[in-house]
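Novice: Please see the structure below; I have some questions.
The values are calculated or read from the model by the stated rules, or taken from the named source; none is laboratory data. Here the structure is a predicted model, which means the values were calculated and not measured. Positions of Cβ are backbone-derived with ideal geometry, glycine not excepted, and every protein chain shown enters the neighbour counts. Note: areas computed on protein heavy atoms with side chains; ligands, DNA, RNA excluded. Shrake-Rupley method; radii C 1.70, N 1.55, O 1.52, S 1.80 Å.
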Amino acid sequence: MFTVDGNRLIREYDGEKMWIEPWGKDSLRVRSTELTTIEEEDWALLPQHDNKAEIAIDEDKATIVNGKIKAVVSSEAAGKTIFYNQKGDILLQEYVRNRKNLKEFTSALKIDAREFKANLGGDFRLTQRFESDPEEKLFGMGQYQQPFLDLKNCTLELAQRNSQASVPFALSSLGYGFLWNNPAIGQVTFGKNITEWTAVSTKQLDYWITAGDSPAEIEEAYARATGTVPMMPEYGLGFWQCKLRYQTQEELLEVAREYKKRELPIDVIVVDYFHWPTQGDWRFDTDYWPDPEGMVKELKEMGIELMVSVWPTVDKKSENYQEMLQKGYLTRAEKGIRITHDFLGNTVYFDPTHPGARAFIWKKAKQNYYDKGITIFWLDEAEPEYNVYDFENYRYHIGSNAQVGNIYPLMFSRAFYDGMKQEGQKEIVNLVRCAWAGSQRYGALVWSGDIDSSFASLRNQFNTGLNMGIAGIPWWTTDIGGFQGAWTDDPDFRECIIRWFQYGAFCPVFRLHGDREPHQEPLGEIGGGLCPSGAANEVWSYGEEAYHIFRKYMHMRERLRPYIRDLMKEAHEKGTPVMRPLFYDFAADKEAWNIEDAYMFGPKLLVAPVLHEDQRNRTVYLPEGEAWTNAHTGESFEGGQYIDCPASLETIPLFLRGDASLPIKE
């Protein structure tokens, strides 16, 4: 049943073929299928070289060791696999409940660890089961709109939706990291009694596991396996101004001029959607944006970069629709009318899994934006946001959506990254509304989508941002204030956006956006005049009290620019999350693993945002082993304790670690 091919352990039994091989330091990749061959597609993983492993085959088992991780596969019919660290502790073991393992634990349930159930057409519905340790804590997996940082006992859909990004990497408190290297639609349950991964349609099992002595060691191994972000451009460190939506070139320029007049720091301003004649034209409507080159020139003279929204939707009336249809560059529908999105037009999503389609959209973007001086893009609708999330009803160039759909946002990011890199640009960042494992290496800055404007929503974003960082996506942001459901003159919302703005100043990217009420009317009935606009959303739009506080944190962010630049360099070089849970820096402190309302912004600064309305005081846990200083008052505290901390409306609690010195105060 066992053979060795180079550094690969192979097990074959009754139609199943399984490969286990080293894939980077202290890491193993596992693949299995009941088809005749295992496919070589790497998906999220990067090719690894100079992999070496120790492989031994005995009468009752086979063992493969790569540094700190060891896999032992039983020779019995079930072929149960157990993973150990270098100390001999079990990290993860398969869940088997049948009579095939007579030497271990027998059961009449007839449940296998690796279950391939045939689908009509020749592929499988796959289920992979592992034993569950009830005391384990799990983090990562991307962004899910729910209030839990620790994902143990959660069920997560492995699918992309507006405000949901499935990035299937989990970091365990037991000392391992696990990547489900499969872009199929599915589900994972981190149950108290079982861990169960499923894919609704796939050809094979594929996962990657690494062992490490600290969360940082695990995270860095994962980054080596899947890639790191480029170096963040300088304009990514400051403040970004955005709203739904500036309707004309002159309106946008007037806002930019006002920021400079008020001597407010600003790095980026944004042209949102429906600045085009028709979806899929990927160019400015010159009735409302008559001189893009002149606009870019004036903004650059003010030290401001222009970011432009690009949607993947192609209207059937677009000048590009027929050519893209003929060349197979559009998403297909398995049944029904070929309309995948119908917002202000009957549209079909372009297919970024097709190399020709990626080249086509970049050619249009280069001609109409990049060559005019625009070097940063907003890749919206990147899940993509189907009108109906019937995942099984869509097909791409490389396979059905059910089999490969989660890779769509990665390929959308890749289309622009590859084009920009070909032009010689090195520091590439594009704002994108979704991601999958590996998206980071294509310059993906993910934001959390069209979320509610409320404190409850803010609390969800708090854990989402931290889990995205652990999932390998260190560039992350939110719409400060949330996207929808807020009136600019509502006193309750003004409190919410103040607290959100304070938190946003300590996110990887500091960006104000939202669809505020009351709406402004459309300027026309076609092209760039077709879409309405939200109310004003500049920092002076929420009254003098809010403006005073916003200005304070904008200047604080500016003073922290050298520190943030160092954090971005670490993310680029090692994959280190810019913002991370307390346990990342204080893994030996057991209480740090329980904290879900504070985080580290880099190694020196603990951030404890105010996440509830009317709160003017909050409890903060300070990790043990360090002294901590209140960055606002200078008061010092020993670590390993909870303290009561004042939090006036102007103040987000901030604590400096040890002898760290950061310019929090002017």
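Novice: Any chance you could give the angle, 0 to 90 degrees and rounded to 10, that helix 544-559 forms with the longest Cα principal axis of the chain?
Specialist: The helix 544-559 is inclined about 60 degrees to the chain.
Novice: Here's a follow-up. Could you name the aspartates and glutamates in cross-link range of residue 426, using Cα to Cα under 20 Å and dropping any fewer than eight places away on the same chain?
Specialist: 234, 267, 305, 371, 418, 566, 570, 573
Novice: Please report, to one decimal in angstroms, the Kirkwood hydrodynamic radius of segment 558-666 built from all distinct Cα-Cα pairs.
Specialist: One over the average 1/r among Cα pairs gives 14.4 Å for segment 558-666.
Novice: Here's something else I'd like to know. Please list 3J(HN,Hα) in residue order for segment 382-397, calculated via the Karplus relation 6.51 cos²θ - 1.76 cosθ + 1.60 where θ = phi - 60°; whole Hz, with x for glycine and proline.
Specialist: Going residue by residue, I get 7, 5, x, 8, 4, 4, 10, 7, 8, 4, 6, 9, 10, 9, 10, 4 Hz, with x marking Gly and Pro.
Novice: Another question, if that's okay. Taking θ = phi - 60°, what integer Hz values does the Karplus form 6.51 cos²θ - 1.76 cosθ + 1.60 yield along segment 414-423, in sequence order, with x for Gly and Pro?
Specialist: 4, 4, 7, 4, 4, x, 5, 5, 4, 7
Novice: If you keep only loop residues by DSSP, which GluC sites (Glu not before Pro) in segment 127-230 have at most 15 other Cβ atoms within 10 Å of their Cβ?
Specialist: Those that pass, being in a loop and sparsely packed, are 135.
Novice: Using only Cα atoms, find the angle between the long axis of helix 249-261 and the longest principal axis of the chain, and express it within 0 to 90 degrees, rounded to the nearest 10.
Specialist: Helix 249-261 sits roughly 80 degrees off the main axis of the chain.
Novice: Can you tell me the accessible area per residue over segment 282-392, all protein chains present, probe 1.4 angstrom, in square angstrom? Spell out each step's value before the answer.
Specialist: Numbers: 4560 Å² over 111 residues.
Here the per-residue accessible area is 41 Å².
Novice: Oh, and also: Rounded to the nearest Å, what's the spacing between the alpha carbon centres of segment 599-652 and segment 186-206? Just the number, please.
Specialist: With segment 599-652 and segment 186-206 each reduced to a Cα centre, they are spaced 39 Å.
Novice: Pairs of Cα atoms under 8 Å, at least six residues apart: use those to get the relative contact order of segment 527-604, whole percent.
Specialist: Details: 43 pairs, mean separation 14.5, N = 78.
RCO, segment 527-604: 19 percent.
Novice: Let me ask something additional. Size of the dipole of the chain about the Cα centre, Lys and Arg at +1 and Asp and Glu at -1 on the beta carbon, nothing else charged, in debye to 20? Walk me through the numbers before you get to the answer.
Specialist: Numbers: 73 positive and 100 negative charges, 261 e Å.
Magnitude of the dipole: close to 1260 debye.
Novice: Which far-off residues, 5 or more places away or on another chain, put their amide H under 5 Å from the one on residue 46, with H placed in the peptide plane?
Specialist: 226
Novice: Also, I was wondering about something else. Determine the equivalent ellipsoid of segment 55-205 by diagonalising the alpha-carbon gyration tensor, then write out the semi-axes as square roots of 5 times the eigenvalues, largest first, rounded to whole Å.
Specialist: On the way: eigenvalues 140, 81, 42 Å².
With the √(5λ) rule applied to segment 55-205, the semi-axes are 26, 20, 15 Å.
Novice: With a probe of 1.4 Å, find how much accessible area segment 67-213 has per residue, and write the answer as a whole number in Å².
Specialist: Details: 5300 Å² over 147 residues.
Per-residue accessible area for segment 67-213 comes out at 36 Å².
Novice: Now for a different question. Carbon-plus-sulfur fraction of the accessible area of the chain, 1.4 Å probe, in percent?
Specialist: Heavy-atom surface of the chain belonging to carbon and sulfur, 1.4 Å probe: 47 percent.
Novice: Could you tell me which of 621, 609, 572 has its Cα farthest along the dipole of segment 524-637 towards the positive end, charges placed at Cβ (Lys, Arg +1; Asp, Glu -1), taken about the Cα centre?
Specialist: Most positive-ward Cα: 572.
Novice: Over what distance in Å are the Cα centres of segment 475-511 and segment 27-66 separated?
Specialist: Taking the Cα centre of segment 27-66 as reference, the centre of segment 475-511 is 46 Å away.
Novice: So what is the calculated 222 nm ellipticity per residue for the chain, using -39500 (n - 2.57) for each DSSP H run with n of 4 or more, over all residues, to the nearest 500 deg cm²/dmol? Display every interim value, and only then the final one.
Specialist: Working: 12 runs with 138 residues, N = 666.
Dividing the helical sum by the residues of the chain leaves -6500 deg cm²/dmol.
Novice: A further question follows. Using θ = phi - 60° and the Karplus relation 6.51 cos²θ - 1.76 cosθ + 1.60, list the HN-Hα couplings for segment 187-198 in order, rounded to whole Hz, with x at every Gly or Pro.
Specialist: 7, 10, 10, 9, x, 5, 9, 6, 10, 9, 9, 9
Novice: What are the lysines whose alpha-carbon lies under 23 Å from the alpha-carbon of residue 316, with same-chain residues fewer than 8 places away excluded?
Specialist: 327, 335, 363, 364, 366
Novice: While we're on this one: What aspartates and glutamates could a cross-link reach from residue 192, if we take a straight Cα to Cα line under 16 Å and drop same-chain neighbours fewer than 8 places away?
Specialist: 94, 131, 133, 135, 136, 150
Novice: Can you give me the long-range amide H partners of residue 516? Hydrogens built in the peptide plane at 1.01 Å from N, cutoff under 5 Å, separation of 5 or more residues or another chain.
Specialist: 244, 534, 535
Novice: Once amide H atoms are placed 1.01 Å from N in the peptide plane, what residues at a sequence separation of 5 or more from residue 450, or on another chain, have their amide H within under 5 Å of its amide H?
Specialist: Those qualifying (amide H under 5 Å, at least 5 residues apart or on another chain) are 163.
Novice: If each residue of separation counts as 0.36 nm, what is the full-extension length gain between residue 343 and residue 649 once their alpha-carbon separation is subtracted?
Specialist: Values: separation 306, 0.36 × 306 = 110.16 nm, distance 3.91 nm.
Fully extending the segment from residue 343 to residue 649 adds 106.2 nm.
Novice: May I ask you to derive the relative contact order of segment 70-116, considering only C-alpha pairs under 8 Å and at least 6 residues apart, and to give it as an integer percent?
Specialist: RCO, segment 70-116: 28 percent.
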